[in-house]
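A quick write-up on the structure given underneath.
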Amino acid sequence: MTAAVTDRAQYGVCALLALAGAAVIADATRIVHLTGGNDPVGPRPVPIILGAALLVVAAVYGADVARGGAGEPEPGEDVDLGSRADWRTVLLLAGVFLANAALVEWLGWVISGALLFWGAAFALGNRHHVRGLAVAAALSLVTFYAFAVGLGANLPAGVLQGIL
């Protein structure tokens with residue numbers, strides 16, 4: 001008779017859920033309690049309820065893991081777990097994200113975002129460079145104006161300041 005092997009990493013997920021719940025509750029207790037005629041409850045209850053729900057989920061999940069519960073792999077999963085990681089793609093994506101973070105203030109979102117979208121598509125296998133760059137430029141322009149007009153949040157214009 002063999003003992004069931006428990007996946008100890010699941011306890012880490014339980015701990016993260018519990019820490020998140022505790023952080024939400026701790027942060028909610030620091031909310032200034034202002035009530036008015038239209039809102040006699042104030043803003044505290046919702047985050048406290050959500051934090052408590054996170055703690056309950058962490059406890060129930062921990063109990064399930066302790067009893068030997070394990071998640072089932074998705075039937076549609078097409079990842080070969082025996083294959084090696086594609087570190088070239090991972091490093092290219094990391095480089096593209098780091099370059100975007102370094103260049104967004106200087107070049108602005110439209111240019112750095114286009115480079116981000118194009119570089120991510122290239123890293124993931126797109127070899128239609130001109131079409132990819134055109135789509136990336138369109139995406140960055142659309143997101144720039146969606147943030148500016150739709151949300152009222154201005155992304156950095158960088159070297160295109162005054163043009164956009």
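The values are calculated or read from the model by the stated rules, or taken from the named source; none is laboratory data. Note that the structure is predicted; figures quoted are calculated from it, not measured. In this analysis, Cβ positions are derived from the backbone assuming ideal geometry, glycine residues included, and neighbour counts consider all displayed protein chains. Ligands, DNA and RNA are excluded from the accessible area calculation, which covers all protein heavy atoms including side chains. Shrake-Rupley method; radii C 1.70, N 1.55, O 1.52, S 1.80 Å.
A simple charge model with +1 on the Cβ of Lys and Arg, -1 on the Cβ of Asp and Glu and nothing else charged puts the dipole of segment 40-164 at about 380 debye relative to its Cα centre. With the charge dipole of segment 46-115 set up from +1 on Lys and Arg Cβ and -1 on Asp and Glu Cβ about the Cα centre, the Cα lying farthest toward the positive end among the listed residues LEU107, VAL96, TYR61 is that of LEU107. Annotation for ASP86 and ALA63: the two label points, set 7 Å from Cα along the Cα-Cβ direction, are 4.3 nm apart.
Note on segment 51-164: with neighbouring protein chains present and a 1.4 Å probe, carbon and sulfur make up 68 percent of its accessible heavy-atom surface.
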